[in-house]
Structure formats: C-alpha cells, structure tokens
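Below: one structure, written as structure tokens.
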Amino acid sequence: MSVSETDTRRRVEGVVFLALFALTIPAANWLIQHAGTVCVPHGGPCLVPVLPGLDAPSGVLMVGVALVLRDLVQRRLGVFVSAFAVLVGALLSALLAPPALVVASAAAFLLSEMADLAVYTPLARRRMVTAVIASGIVGLVVDSLLFLWLAFGSLDFLAGQVVGKAWMVLLSIPLVIWLRRRDERLGLMPA
C-alpha cells in the first residue's frame, strides 16, 4: 500500500470513528431516559443489569463505547482533532441532554474524555491495547463519579456504572487488537 493510500485510509477510518463517537452522545442521553429493564419514576434513570443483582443507568453502555472511540479517533486523526472532538462532544451533550442532566452530562463527558486523552496519549505509541484499557478505566471512573454526583446527588449506582462501562471497554479489546495488527500489516501508522 502506498503512503497516500495509507494516509487516505487512516483519514477515512478516522472520520468514521469520529462520527460514531459523536453518535454515542445522543444515544447515551436517549437510553438513560427511555431504555432499560426498569425506569426510576420522577426523572430517575432507566436501568439495565450489568451483573446479576447489579443495575446501572442504561447510558453507561454508550459512555463505555465513547471512551474507546475517542482513543481510535486520536489514533487516526491525532490528539488535536481528538481534543477538539471532546469539546464539541461536551457541547453536544449539553444541548441534547434532558434539562435536569445538562450540567452533569456535559461536565462528566468533558472531564472523563480529557482524562481518557491524558492517559491514552503517552501510552498509545508503544502499547495500544494497554493504552485503551488504562485510559478507559480512568475515564469511566471519572465519568461515573462526576455524572452520578451532579445528576442525582448520589453515588448509589456507582458500582453498576463502573461495571457497565468496563464491560463495554473490555468488549472492545478484540477489535482494538485486530485493528493494531491490521495497521502493522498494512503499514498504517497512527496520526
């Protein structure tokens, strides 16, 4: 594959990852209010089981995916595009969140994704899988603590939030391993 072909592939894949990253924001906001095995009355979240006997607000599924997609956006388009995407994502989160969740949604998104970026960046060149896991863990803990506290004034769902997001990060690892190996085979370098 020529240099221009690999650059084109890297940019196209980056735009796809960026679009998917952007879609996680409205999806998380919609899920938390509309989808789950049970929805807490009077503005509470809809819940999904993440382990037997452990529930979490359903938006956790998309937040876990967003943490991984942000890493992939950075790998394909670079740290500055990724950081800009986080800022735009926080704005989108504020615009799309239900009124009661605007501050919690935007603040948690911004700070968790920036924490993810800060951990992923120094690790990514040499240990992509480790970088995705480590940054995902940091991001999901920051997001869980901040969102629950700001949105509900309670950390009642903390364990479920962390487990639900961790599931999504862990389920992405086979894709990340495949992507890293394919990149090496094609000579596709990170941005």
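Sorting Val102, Val16 on the 10 Å Cβ count, fewest up front, what's the list?
Fewest to most other Cβ atoms nearby, the residues stand as Val16, Val102.
Determine the gain in length on full extension of the stretch Arg126-Ala159; use 0.36 nm per residue of separation and subtract their C-alpha separation, reporting nm with one decimal. Display every interim value, and only then the final one.
On the way: separation 33, 0.36 × 33 = 11.88 nm, distance 3.12 nm.
Stretched out fully, the Arg126 to Ala159 stretch lengthens by 8.8 nm.
What FRET efficiency do you get for Val3 and Ala134 if R0 is 35 Å and r is their Cβ-Cβ distance, rounded to the nearest 0.05?
With a Förster radius of 35 Å, E is 0.70.
Scanning the chain for helices, which whole DSSP H stretches are 24 Å or more long along the axis (Cα) and average 1.6 or more by Kyte-Doolittle?
79-96, 128-152
Any chance you could run the full-extension gain for Arg182 through Ala118? It's 0.36 nm times the residue separation minus the Cα-Cα distance, nm to one decimal.
Result for the pair: 20.5 nm of gain on full extension.
Quick query: amide H of Val48 versus all other amide H atoms, modeled in the peptide plane; which residues come in under 5 Å with a sequence gap of 5 or more or a different chain?
Counting only residues 5 or more places away or on other chains, the set is Thr37, Ala56, Ser58.
Once you mark the trypsin sites (Lys or Arg not before Pro) that are in a DSSP loop and have at most 11 other Cβ atoms within 10 Å, what is the longest gap between them in the chain? Present the calculation step by step, with values, prior to reporting the outcome.
Numbers: sites that count: Arg125, Arg126.
After excluding every exposed loop site, the longest remaining stretch is 1-124.
Applying 1/(1 + (r/R0)^6) with R0 = 30 Å to the Cβ-Cβ distance of Met189 and Leu51, what FRET efficiency is obtained, to the nearest 0.05?
The formula returns an efficiency of 0.15 here.
Each value in this text was obtained by applying a stated rule to the coordinates, not by laboratory testing. The structure presented is a predicted model; accordingly, all values stated were derived computationally and were not measured. Quick reminder, even Gly has a Cβ in these numbers, built from the backbone with ideal geometry, and neighbours come from all protein chains shown.
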